[in-house]
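Enquirer: If you scroll down you'll find the structure; I have some questions about it.
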Amino acid sequence: MRMIVAGLALAMSGCSTVGSMTSTVGGWFGHGPVRAKPAELVEFKPTANLTEAWKDETGDTSGYLFRPRAVGDDVFAAGGSRVVRITVANGNTVWKTDADAKLSAGAGVGQGLVLVGSTKGELLALDQTSGQVRWKVALSSEVTGQALVVGDIVIARTGDGRVQGLGVADGSRKWLYTRTLPVLSLRGSGGMTVRDEVLYAGFPGGKLVALNAANGAQLWEATVALPRGATELERVADVMGNPAVDERQVCAVAYQGRVACFDRRNGELLWARDTSSNTGLAMDERNVYVTDDKDAVTAYDKTSGRAGWRQDKLARRAVTAPLALGAWVVVADGEGYVHVLSSEDGSFVARAKVDSGVHSAPVDIGPGFAVETTKGNVVAFRLK
């Protein structure tokens, strides 16, 4: 089992978070057993030009899953206690703000706000133009993932199973959705995606829920995976990463479960395939791409669920969830390598190295993509 107990007790929910093990000795949190050696990198002839465009610094992100967010001409990122706005074209820092708190989530962007969350349950809204704090509210426990903005509602999650809708103007609560969590859950579970004013949220225990983003009302609930086993660890079956959505369907993947796609209108199951992922998935016009817990990346036809290609040469490298980027699929690993695969057949197209491990999926910043490392560097790449 690719996990270690993180020892982080969430007092409000009575559950504990289990950290996905990286391929380095000791995992994310600096302790744990020695893992098997990561697979050697295979040699290949690059067929695309991958170059580093720029790099900027936030702060140490070890133990948390931070992803940059690109909006217009800028990238917003958080890490440590810092939040930064970077110009996409040249990597210039527009502003950098110290949040005066250990951050655990961010950066969400919308309606002129940049949103970050802290380990102590504070949600901070910064002015997108200046970086100044506009408002700050105390939530029920550690803030997880990226906050979303839908109309005049900010949607934030906390580690105790709560999803809250807050007013854009001042952070006042507009609605609250709660679920009872299992005893153990994985770090990185419980992602969110919004489309057409519907919020799709995955939960520990294998559930995917559709909520009205304006008022928090549940529209439907679907089962991605059913917990099985004799022990609490064996019964961990959490939806990992952000659900992927298109015009017709929403897809999600669970640890020790399956990848499944559902009709967006009513949650009816369209197809499912057994697999286990502790990172997540991505989707494009043709395929759903899943990084499984053996660090293989598989392409599934998004209409039928038929498995296509499988790239299994990155075993034990703690590979991130994928980014679907046109002709390419991009992943990174716990050793700090960025891998570009062909979306046609999964073959290696290009590779680059950053300063330290990457645990969150690469992000499309158009042009190119960016990753955020455990040392807190945001690194942008151009790909041609």
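The values are calculated or read from the model by the stated rules, or taken from the named source; none is laboratory data. Just so it is clear, the model here is predicted, and its values are computed rather than measured. Please note: Cβ atoms are built from the backbone with ideal geometry, for glycine as well, and neighbour counts cover all protein chains shown. Heavy atoms of the whole protein, side chains included, go into the accessibility calculation; ligands, DNA and RNA do not. Shrake-Rupley method; radii C 1.70, N 1.55, O 1.52, S 1.80 Å.
Enquirer: Taking θ as phi - 60°, what are the ³J(HN,Hα) couplings along region 290-298 by the Karplus curve (6.51, -1.76, 1.60), each to the nearest whole Hz, with x for Gly and Pro?
Expert: With the stated coefficients, region 290-298 comes to 10, 8, 8, 6, 9, 6, 9, 9, 10 Hz.
Enquirer: So, for the chain, what is the accessible surface per residue at a probe of 1.4 Å, expressed in square angstrom? Walk me through the numbers on the way to the answer.
Expert: Numbers: 14810 Å² over 384 residues.
Value for the chain: 39 Å² per residue.
Enquirer: Please list, in order along region 214-230, the HN-Hα scalar couplings obtained from phi with the Karplus expression 6.51 cos²θ - 1.76 cosθ + 1.60 (θ = phi - 60°), rounded to whole Hz, x for Gly and Pro.
Expert: Ordered by residue, 3J(HN,Hα) equals 6, 10, x, 5, 6, 9, 6, 10, 10, 9, 7, 8, 9, x, 9, x, 8 Hz.
Enquirer: Which cross-chain or sequence-distant (5 or more) residues have an amide H under 5 Å from the amide H of Glu57, H modelled 1.01 Å from N in plane?
Expert: Distant-sequence amide H within range of Glu57: Val378.
Enquirer: Keeping all protein chains in position, work out how much accessible area Glu52 exposes to a 1.4 Å probe, and write it in Å² to the nearest 10.
Expert: Spelled out: Glu52, probe radius 1.4 Å, area about 100 Å².
Enquirer: Still on this structure, please answer the following. Whole Å is fine, so just give me how far the alpha carbon centre of region 29-106 lies from that of region 118-137.
Expert: Cα centroid of region 29-106 versus Cα centroid of region 118-137: 20 Å apart.
Enquirer: Setting aside same-chain residues fewer than 8 positions from Lys45, which aspartates and glutamates have a Cα under 14 Å from its Cα?
Expert: Lys45 reaches no qualifying aspartates and glutamates.
Enquirer: Under the definition of Cα pairs under 8 Å and six or more residues apart, what whole-number percent is the relative contact order of region 168-318?
Expert: Values: 380 pairs, mean separation 22.1, N = 151.
Worked out over region 168-318, it gives 15 percent.
Enquirer: Right, here's the next one. Normalised by the residues of the chain, what does the relative contact order come to in percent, with Cα pairs under 8 Å and at least six apart? All intermediate terms of the calculation are to be shown ahead of the outcome.
Expert: On the way: 1143 pairs, mean separation 55.1, N = 384.
Across the chain, relative contact order equals 14 percent.
Enquirer: So what's the Cα pair-distance distribution over region 260-372, bin width 5 Å, in %?
Expert: Once binned at 5 Å, the Cα pair distances of region 260-372 give 2, 13, 23, 25, 19, 10, 5, 2, 0.
Enquirer: Same structure, new question: Once amide H atoms are placed 1.01 Å from N in the peptide plane, what residues at a sequence separation of 5 or more from Asp293, or on another chain, have their amide H within under 5 Å of its amide H?
Expert: Residues meeting the criterion, in which the H sits 1.01 Å from N, are Ser276, Ser277, Asn278.
Enquirer: Please list the non-local residues whose amide H lies under 5 Å from the amide H of Lys102, H modeled 1.01 Å from N, same-chain partners needing a gap of 5 or more.
Expert: Thr119
Enquirer: Further question on the same structure: At 1.4 Å probe size, with the rest of the protein present, what percent of the exposed accessible area of the chain is carbon and sulfur atoms?
Expert: On the way: 6910 of 14810 Å².
Using a 1.4 Å probe with all protein chains present, the chain comes out at 47 percent carbon and sulfur.
Enquirer: Give me the net charge of Asp284's neighbourhood, meaning all other residues with Cβ under 12 Å from the Cβ of Asp284; Lys, Arg count +1, Asp, Glu -1.
Expert: -3
Enquirer: Oh, and also: Report relative contact order for region 107-227 in percent, whole number only (criteria: Cα-Cα under 8 Å, sequence separation at least 6).
Expert: On the way: 281 pairs, mean separation 18.7, N = 121.
That works out to 15 percent.
Enquirer: Further question: What figure, in Å² to the nearest 10, do you get for the accessible area of Asp345 with a 1.4 Å probe and non-protein molecules left out?
Expert: 90 Å²
Enquirer: Largest first, what is the accessible-area ranking of Glu247, Glu234 with a 1.4 Å probe? Walk me through the numbers before you get to the answer.
Expert: Working: Glu247 140, Glu234 85 Å².
Correct descending sequence by accessible area is Glu247, Glu234.
Enquirer: Still on this structure, please answer the following. Please list, in order along region 359-373, the HN-Hα scalar couplings obtained from phi with the Karplus expression 6.51 cos²θ - 1.76 cosθ + 1.60 (θ = phi - 60°), rounded to whole Hz, x for Gly and Pro.
Expert: Karplus-based 3J(HN,Hα) across region 359-373 equals 10, 9, 4, x, 10, 5, 10, x, x, x, 8, 9, 10, 10, 8 Hz.
Enquirer: Give the separation of the Cα centroids, region 324-384 to region 166-231, in Å.
Expert: 28 Å
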